[in-house]
1. Given H placed on each backbone N at 1.01 Å, which residues far from Leu50 in sequence or on other chains put an amide H within less than 5 Å of it?
2. For the range 95-143, which GluC sites (Glu not before Pro) pass both filters: DSSP loop (anything but H, G, I, E, B) and at most 15 other C-beta atoms within 10 Å?
3. What's the long-distance tail for the chain, i.e. % of Cα pairs beyond 21 Å?
4. Tell me what the chain gives for mean residue ellipticity at 222 nm when only DSSP H runs of n ≥ 4 count, each as -39,500 (n - 2.57), the sum divided by the residue total, rounded to 500 deg cm²/dmol.
5. For the range 1-24 and the range 91-150, what is the separation of their C-alpha centers, rounded to whole Å?
6. At 0.36 nm per residue, minus the direct Cα-Cα distance, what do Asn16 and Ala146 gain on full extension? Give it in nm, one decimal, please.
7. Quick check: net charge around Ala36, other residues with Cβ under 13 Å of its Cβ, Lys/Arg +1 and Asp/Glu -1?
8. Please give the charge dipole size of the range 26-167, origin at the Cα centre, charges +1 on K and R Cβ atoms and -1 on D and E Cβ atoms. Round to the nearest 20 debye.
Amino acid sequence: MITIIAARSRNGVIGNRGKIPWHLPADLKRFKDITAGHSIIMGRKTYESLPRKPLTDRENIVVTKQRGYEASGCIVVHSLVHAIAVAIKEHIFIIGGESLYRDALDEISEQIFLTEVHIECEGDAFFPEFDQEIWEEDFRISDLPAPNQPPSEFVIYKRRKQKPPTP
């Protein structure tokens, strides 16, 4: 199964200058718990933005157009299709960035795990819009905000088997 996992603000921001514009420890723990033991695919910029590399207890696959790029403890490939082909775990998570999300939304991913952060913020990386006729909400839970943290919700979207009929 291939799943996109992301967090975005109300205005679609997922990053700003290589950093996430908010800090939600509960969401980071959920990310770790969900992806542990599985394959994760990320772009080079996402990999380089990680505070600790590679992410432990996961098969780390980095996609880059840079030939000769090396990422210690990771598999480096040059396309999303190649990344999926080399993944050895049954469940694959695409963890960013923007262009990989866009490519995976089209036809590759089967579900989206999305944390919706209820703030608007400045950013230079955005989660792509996705077609609600292709994706349907399957699950939603509100996270309890901690002091000095924005409220958020965790939502799971599943790809519809077919588009709903046009009225």
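Every number in this text was worked out from the coordinates using simple rules, so none of it is lab data. Given the structure is predicted, the values throughout are model-derived calculations rather than measurements. We place every Cβ from the backbone using ideal geometry, glycine too, and count neighbours over all the protein chains shown.
1. Amide H neighbours of Leu50: none.
2. On the way: sites: Glu98, Glu107, Glu110, Glu116, Glu120, Glu122, Glu129, Glu133, Glu136, Glu137; in loops: Glu110, Glu120, Glu122, Glu129, Glu133.
Of the GluC sites (Glu not before Pro), the ones in loops of the range 95-143 whose Cβ has at most 15 other Cβ atoms within 10 Å are Glu110, Glu120, Glu122, Glu129, Glu133.
3. Numbers: 6504 of 13861 pairs.
Percent of Cα pairs beyond 21 Å in the chain: 47.
4. That comes out to -4500 deg cm²/dmol.
5. Taking the Cα centre of each part, the range 1-24 and the range 91-150 sit 7 Å apart.
6. Numbers: separation 130, 0.36 × 130 = 46.80 nm, distance 2.24 nm.
Length gained between Asn16 and Ala146: 44.6 nm.
7. Working: positive: Lys29, Arg30, Lys32, Arg58, Lys89; negative: Asp33, Asp57, Glu59.
That works out to +2.
8. On the way: 18 positive and 24 negative charges, 120 e Å.
That gives a dipole near 580 debye.
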